[in-house]
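What follows is a short report on a single structure.
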Amino acid sequence: MTGKFFKFQTEIVNGNCPTCGEHTMLVGITRQVFRCMTCGSDLEQHINGKISYIPHLTKNTLQSEVDNYFGNYGEEE
């Protein structure tokens, strides 16, 4: 890789991670996706009157992670 340069421009913000519940640094991977420095989860940034971060779900996200975050809604005990 001689002669090739990459330019990285990242954004680092402070925020509350909804996955681990900690006030932590969030590093921008893209303009909308941030990564929590405490637990490593990817969060999607939404701006609707206020900036909020929600877990970024992809087709590769484990179902157990989704159930763990959202709880066991709809299941009877």
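Pairs needed: first member in region 26-37, more than 14 Å from residue 14 (Cα to Cα) and free of Cβ contacts under 8 Å to residues at least 24 places away in the same chain; second member anywhere, β-branched (Val, Ile, Thr) and assigned to a loop (DSSP other than H, G, I, E, B); C-beta distance under 9 Å; at least 6 residues apart or different chains.
From region 26-37, the pairs are 29/10.
For residue 67, are the conditions met, namely being modelled with pLDDT under 70, among the charged types (D, E, K, R) and at negative phi? Show your work before the answer.
On the way: modelled with pLDDT under 70: yes; among the charged types (D, E, K, R): yes; at negative phi: yes.
Yes.
Test residue 72 against the criterion of being modelled with pLDDT under 80, not in a loop (DSSP other than H, G, I, E, B) and not aromatic (Phe, Trp, Tyr), and give yes or no.
The answer is no for residue 72.
Tally time: how many residues in region 17-41 are touching a Leu at 6+ places or on another chain (Cβ under 9 Å) and part of a strand (DSSP E or B)?
To start, the set of residues in region 17-41 that are touching a Leu at 6+ places or on another chain (Cβ under 9 Å) comprises 17-19, 26, 33-37.
Still in the running and part of a strand (DSSP E or B): 26, 33-36.
Summing the residues that are touching a Leu at 6+ places or on another chain (Cβ under 9 Å) and part of a strand (DSSP E or B) in region 17-41 gives 5.
Given the structure, is residue 27 modelled with pLDDT under 90 and aliphatic (A, V, I, L, M)?
No, not satisfied.
The values are calculated or read from the model by the stated rules, or taken from the named source; none is laboratory data. None of these values were measured; they are calculated from a predicted model. No Cβ is skipped: glycine too gets one built from the backbone with ideal geometry, and neighbour counts run over all protein chains shown.
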